[in-house]
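The next block holds one structure in the form of structure tokens; read it before the comments.
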Amino acid sequence: MALLTPLLSGFIAAIIGIVPPGLINMTAAKINLKEGKKNAMWFVIGAVLVIFFQVYVAVLFAQVINSRPDVVTLLREVGFGIFAALTIYFLFIAKAPTAKKSKIKKKSKKSRFFLGMLLSGLNFFPIPYYVVVSVTLASYQLFVFENNIIFIFVLGSVLGSFAVLYSYIAFFGSIEKKTDYMMRNMNTIIGSITGLVALVTLINIINYYFG
């Protein structure tokens, strides 16, 4: 059970962070449509490899920050702001993306693997995101900065990222035909999750200052 918590935490954090349509997951879906599943999978493997190192570096940063209670409190407040903003965005602002036709030339598996690494490496969002997530979890005693726990958390994040990217590859064809309906529900689900996290974080902030 002690190892299941960081695994699930990393998995859920990855899903929340990567499930919104973005450059990496949409590129994986388009490669699958134009070039086939094998090339798309090599792209995903390259992207996930970089995500592994990004999450690991983020947790190491968080380990240093966690020794500073004042910084932890600040990050908790920043985390509340981020999750509140995400809630507002997904529930009230986000619109269903329209599928754009694009020409993707046939490439080798090797080139797609490195393209996945490149696009993932250019995405700096995971590092601050996982710093906030891991510090927040640690403040609620749901995560501890021990080598085996860190590895399990990173593994969960990688598995969550892979699951989302694979879902885009496997189901994008059907999702594309019903974009408005699917994305409207997806935005509501994501917004509800981030809203719940923001509410819990706000309650803890209030308890910290006034409890």
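Taking every protein chain into account, the accessible area of the stretch 1-55 amounts to 44 square angstrom per residue (probe 1.4 Å). Spin-label model, residue 125 to residue 202: label points 7 Å out along the Cα-to-beta-carbon direction sit 2.3 nm apart.
Below 15 angstrom from the Cβ of residue 201, what's the summed charge of the other residues (Lys, Arg +1; Asp, Glu -1)? Net local charge, residue 201 excluded: 0.
Other residues with beta-carbon under 15 Å from the beta-carbon of residue 60 carry, at +1 per Lys or Arg and -1 per Asp or Glu, a net charge of 0.
The values are calculated or read from the model by the stated rules, or taken from the named source; none is laboratory data. Computed from a predicted model, the values in this text were never measured in an experiment. For neighbour counting, all protein chains shown are included, and Cβ atoms are generated from backbone atoms with ideal geometry for every residue, glycine included. For the accessible areas, the whole protein counts, side chains as well, though only heavy atoms, and no ligand, DNA or RNA atoms are used. Shrake-Rupley method; radii C 1.70, N 1.55, O 1.52, S 1.80 Å.
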